[in-house]
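The values are calculated or read from the model by the stated rules, or taken from the named source; none is laboratory data. Note that this is a predicted model, so its numbers are computed, not measured. Note: ideal-geometry Cβ built from the backbone for every residue, glycine included; neighbour counts use all protein chains shown.
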Amino acid sequence: MKTEVSYGFPSAQIANRFLHELKNWHVAQVQTRLFKGDDSVKVSYEYDQRGFDNTLSELDSLAEQYGGKEV
């Protein structure tokens, strides 16, 4: 099942840092792109249906480190 989540950041520069962090992310295979301007990032990934998938929790924690929030 494909899951999408979007995060807003205080500036375009911070959004790009978050986006580039996910390019080599170790938790899951994710696809990223800028969303609704330069200060938001949309993340897509395949939800692992074989058990508990903590990808969203990990994404939320990483976004929070960059001052981002889910939008």
> Could you say whether any residue in the stretch 6-15 is among the β-branched types (V, I, T) and under 11 Å from the mean Cα position of the chain (by Cα)?
Replying inline: no
>> Every residue in the stretch 36-61 that is at pLDDT 90 or above and not β-branched (V, I, T), please.
In response: D38, D39, S40, K42, S44, Y45, L56, S57, E58, L59, D60, S61
>> I need the full set of residues from the stretch 26-52 which are closer than 18 Å to G67 by Cβ and out of contact with any helix residue (DSSP H, G or I) (no Cβ under 8 Å at 6 or more places or on another chain), in order please.
In response: F35, K36, K42
